[in-house]
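The structure appears right after this line, and notes come after that.
The values are calculated or read from the model by the stated rules, or taken from the named source; none is laboratory data. A quick note: this is a predicted structure, and the numbers were derived from the prediction, not measured. Cβ coordinates were reconstructed from backbone atoms using ideal geometry, including for glycine residues, and neighbour counts include every protein chain displayed. The area values use the complete protein model at the heavy-atom level, side chains included, leaving out ligands, DNA and RNA. Shrake-Rupley method; radii C 1.70, N 1.55, O 1.52, S 1.80 Å.
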Amino acid sequence: PGERSDRFEEACQVIVSLLTRETTTFAGTHYTLTDARCDPKPVQRPHPPICIGGSGEKRTLRTVARYAQHWNFDTGGIERFVRARDVLWRHCDEVGRDRGEIRLSCQVPYHGDAAATADIAAQFGGAGAQLAIVYLPQPYTAAVLEPLAQALRKVG
């Protein structure tokens, strides 16, 4: 896991550089590039938003603070979200990153009760999540969408 985290963080450095600079020369532990190009450059400036999901306090959230524009909380309840959010904010403070530059989202499972799903989404919203990603169980059926949309519409 440590090596994977090292590779991931280094990859984020490389990707941001490729998307924002004319050429990238990089000599890291895991990646080496010499005058590498990424053309054409993306339309979004400075680059397309980087979304990182996870809640690992030491590595993942630190990488989010350094490179991401969007953090997706993967699994767990409101208490775990709040703890991870607070750790992310500490990492932002440590690296000099404006907390407002990072969009917060969470994953909300749907278990057959639209009102309960909306309530959970609202709780996450109250704790700072700006986007809830609702996961539907298989087999997928269109019949759940309208009641779910109606319940979520009330959340705002």
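Screening L33, L18, L61 for residues that are within 26 Å of Y135 (Cβ to Cβ), of a type outside the set (S, T, Y) and at pLDDT 95 or above leaves exactly one candidate, L61.
Looking at the range 119-129 only, could you name the residues that are more than 23 Å from P48 (Cβ to Cβ) and either open to solvent by less than 60 Å² (accessible area, probe 1.4 Å) or in contact with a Gly (Cβ under 8 Å, 6 or more places away or on another chain) (or both)? Lay out the reasoning, then the answer.
Here is the first cut: in the range 119-129, the residues more than 23 Å from P48 (Cβ to Cβ) are 119-128.
Scanning the range 119-129 gives A121, A122, F124, G125, A127, G128.
Contact map, the range 13-32: residues that are over 15 Å from Q69 (Cα atoms) paired with residues that are of a type in the set (A, V, I, L, M), Cβ distance under 6 Å, separation 6+ or inter-chain. Pairs shown: T24/L18; T24/L33; T24/A36; F26/V14; F26/L33; Y31/V14.
Yes/no matrix, rows are residues, columns are (1) touching a Cys at 6+ places or on another chain (Cβ under 8 Å); (2) open to solvent by less than 70 Å² (accessible area, probe 1.4 Å); (3) under 16 Å from I52 (Cβ atoms):
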residue	(1), (2), (3)
R80	no, no, no
A84	no, yes, yes
L88	no, yes, yes
T117	no, yes, no
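Evaluate the following for A132: is it outside any strand (DSSP E or B) and open to solvent by less than 60 Å² (accessible area, probe 1.4 Å)? For A132, the condition - outside any strand (DSSP E or B) and open to solvent by less than 60 Å² (accessible area, probe 1.4 Å) - is not met.
Hey, any hits in the range 20-37 for a residue that's over 25 Å from Q123 (Cα atoms), open to solvent by less than 80 Å² (accessible area, probe 1.4 Å) and assigned to a helix (DSSP H, G or I)? Scanning the range 20-37 turns up at least one residue that is over 25 Å from Q123 (Cα atoms), open to solvent by less than 80 Å² (accessible area, probe 1.4 Å) and assigned to a helix (DSSP H, G or I).
Among the residues of the range 22-32, is there at least one that is touching a strand residue (DSSP E or B) at 6+ places or on another chain (Cβ under 7 Å) and not β-branched (V, I, T)? Yes; the residues of the range 22-32 include at least one that is touching a strand residue (DSSP E or B) at 6+ places or on another chain (Cβ under 7 Å) and not β-branched (V, I, T). Taken over the range 103-156, the criterion of being within 30 Å of Y67 (Cα to Cα), of a type in the set (F, W, Y) and touching a Pro at 6+ places or on another chain (Cβ under 9 Å) is satisfied by Y135 alone. As a summary of the residue check, R97 satisfies the conditions (1) open to solvent by less than 40 Å² (accessible area, probe 1.4 Å); (2) out of contact with any strand residue (DSSP E or B) (no Cβ under 6 Å at 6 or more places or on another chain); (3) not in a loop (DSSP other than H, G, I, E, B); (4) not polar (S, T, N, Q) except for the one numbered (3).
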